[in-house]
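For reference, the structure discussed in these notes is given below.
The values are calculated or read from the model by the stated rules, or taken from the named source; none is laboratory data. Given the structure is predicted, the values throughout are model-derived calculations rather than measurements. Neighbour counts are summed over all protein chains in view; Cβ atoms, including those assigned to glycine, are modelled from backbone coordinates with ideal geometry.
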Amino acid sequence: MGIITMNDFDQEELNNLEGVNTGSNLSQDDTGVYPKSSYFYNTNINKAALGLERNDLDFFELSGSVSVSIDNKIPSSYGYNQVQQTITGHSIEMDDTPGNERILIKHNTGAGIELKPDGSCIISTKQDKVEVIGGSLKIIVAGDVDIEYQGNVNMSVAGSFNLDCLEYNLTTGQNKTETVGGKETSNVKDGYLKTVVGHSSEYITEGSVETVLGTKTTFAKAGYQLNSENGISVASNDDIFMTAGDVMNFAADNTTVSANNMTVMGGTGTIGGSGMLFSGAGAVFEAGVTAPTFHGDLNGSARKGWTGATSTPTNTNTPTPDITKPTAANVLTYLTKTAGGIRKILIDKGDYIKKFIDPREDNGGLS
C-alpha cells in the first residue's frame, strides 16, 4: 500500500474534508444546538473536565439548626475528570483529580448524589424522596445524627417500637398528646422531677395507690382541698400534727376523742350541751355553777343552810387537784410561742420559684 497524498483526492472529497460542503458525512450538528455559545472559538471539551467550571449539587432547604459540611471546592485537572453531560444538563462525573476524588450524578435541577473525596455521601432532592424496601433495613451510624423536619412527621409501626439510649430529651414547642391503648409502665431508677407551668389535672376511673418508702412532702401555696364522697382514713404510728392560723372546724354526726393524756383548753368558748355528761377528777370554776341536783359532800356555805337534821353533817375534804388555769393569756402564749402552737407556713415568698419556672410575668409575656 502506497502513501496517500492530497493529490489523490478530487475536489468534492477535499471540500468534504475541509467542511465546505454541508453533506451528511460532516461532523457538525445539523440542529444548530452545538456548539453552544459558551464554547464558541474554544475547544469542545467539557469545561468541567478542563477545570474551568465545577458541577455541584444544589441544597434546596437549609437552616441553621443542622449544618451541612461544604469542603473547599478544588477544580478538576484536565485528564483526570471524566465528564458526561446531556443536552438538558444532566451530568455524570468521575474525578480523579488529587484532593478532589469524587463521583457525581447530577440532575439538571441540581438534585443528585455525590460521593465526596473523604468517602462521605450527599443526596439532594428538589422534591420527594421515596424508599420502598421489601425486606429489612439496617442503619449503622458511627458518629452523631442530626435530623430536621420542617413539616409534619407521621410514623406508623405495626409491631413494637423499642428505643434504647443513654439519655432521652424531648422538647415540644406546643402541645403533647399521648394515647395508650393498654397499660403504661414507667421505671425510674434515680429521681423524678416534673414541672408544670399552669394547671395540672389527673382523672382516674378506678382506684389509685401510691406507695412512698421515704418521706412525702406536699406544698400548696394558694390552698389545699381533700374531698371524698365516702370515708377518709388517716393513720400514723408516730405523731400527727395539725395547726391552723385562723379557723379549724370539726363537724360530724358522731365524734369520739380519746387519749391517755389529753389537754383541752381555750381562751374563751363553750364546752358542753344539753345531753353532755362530764366525768373527771376535779374542777375549778371562776364563776357560778348551776345545777338542779348535787350528790356528794359539800363544803363552805352549804353547811350553814342545813336545817331539820338530827345530826351535824360531816364533810370529807377531797383536795382539788392542781390545774393550770387556761386563761386567755396562757392559751395565746401556747398558740404563738410553743412547739405545739400554730406553725407559720410560707411557700415561695415573693414568687421567686414561680418566676424562675415561668418568667413571662417579668418579660412582657415572653417565656
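The residues on offer are 247, 264, and the sole one that is of a type outside the set (D, E, K, R), closer than 30 Å to residue 221 by Cβ, at pLDDT 85 or above and part of a loop (DSSP other than H, G, I, E, B) is 247.
Any residue at all in the range 221-233 that's of a type outside the set (S, T, N, Q) and in contact (Cβ under 8 Å) with a residue 60 or more places away in the chain? The answer is yes; a qualifying residue exists. In the range 317-338, the residues that are more than 20 Å from residue 261 (Cβ to Cβ) reach residues that are not basic (Lys, Arg) with C-beta atoms within less than 6 angstrom, at least six apart or across chains, in these pairs: 328/267. Confirm whether residue 252 is closer than 29 Å to residue 332 by Cβ and modelled with pLDDT under 90. For residue 252, the condition - closer than 29 Å to residue 332 by Cβ and modelled with pLDDT under 90 - is met. Among the residues of the range 40-55, those identified as over 11 Å from residue 75 (Cα atoms), surrounded by 11 or more Cβ atoms within 10 Å (Cβ to Cβ) and not β-branched (Val, Ile, Thr) are 42, 46.
With respect to being at pLDDT 75 or above and either exposed (fewer than 10 other Cβ atoms within 10 Å of the Cβ) or part of a loop (DSSP other than H, G, I, E, B) (or both), residue 353 falls outside the description. Answer with yes or no whether residue 142 is surrounded by fewer than 10 Cβ atoms within 10 Å (Cβ to Cβ), in contact (Cβ under 8 Å) with a residue 12 or more places away in the chain and part of a loop (DSSP other than H, G, I, E, B). So residue 142 does not fit the description; no. Residue 195 fulfils the conditions (1) under 30 Å from residue 356 (Cα atoms); (2) out of contact with any helix residue (DSSP H, G or I) (no Cβ under 7 Å at 6 or more places or on another chain) except for a single criterion, (2). Each residue in the range 81-119 was checked for being touching a Pro at 6+ places or on another chain (Cβ under 8 Å) and either part of a loop (DSSP other than H, G, I, E, B) or exposed (fewer than 15 other Cβ atoms within 10 Å of the Cβ) (or both), and 4 of them qualify. Out of the range 260-276, which residues are surrounded by 10 or more Cβ atoms within 10 Å (Cβ to Cβ) and among the aliphatic types (A, V, I, L, M)? Once the filter is applied, which keeps residues that are surrounded by 10 or more Cβ atoms within 10 Å (Cβ to Cβ) and among the aliphatic types (A, V, I, L, M), the range 260-276 yields only 265.
Cβ-Cβ distances below 6 Å connect the following pairs, each with a first residue in the range 286-306 that is at pLDDT 70 or above, a second residue that is among the polar types (S, T, N, Q), and a separation of six or more residues or different chains: 297/315; 297/316. For the range 120-139, residues that are surrounded by 10 or more Cβ atoms within 10 Å (Cβ to Cβ), farther than 30 Å from residue 167 by Cβ and not hydroxyl-bearing (Ser, Thr, Tyr) total 1. Being under 46 Å from the mean Cα position of the chain (by Cα) and of a type outside the set (Lys, Arg) narrows it down to one residue among 95, 118; which is it? Within the list 95, 118, the selection yields 118.
Output the qualifying pairs, or none if there are none: Cβ atoms under 9 angstrom, residues six or more apart or on different chains, first residue in the range 190-210 and exposed (fewer than 10 other Cβ atoms within 10 Å of the Cβ) and aromatic (Phe, Trp, Tyr), second residue part of a loop (DSSP other than H, G, I, E, B) and modelled with pLDDT of 90 or more. That search, which allows pairs on different chains as well, returns 192/186. Could you please let me know if residue 317 is at pLDDT 80 or above, exposed (fewer than 10 other Cβ atoms within 10 Å of the Cβ) and part of a loop (DSSP other than H, G, I, E, B)? When the stated conditions are applied, residue 317 does not pass them.
The single condition among (1) closer than 21 Å to residue 169 by Cβ; (2) surrounded by 10 or more Cβ atoms within 10 Å (Cβ to Cβ) that residue 221 does not meet is (1).
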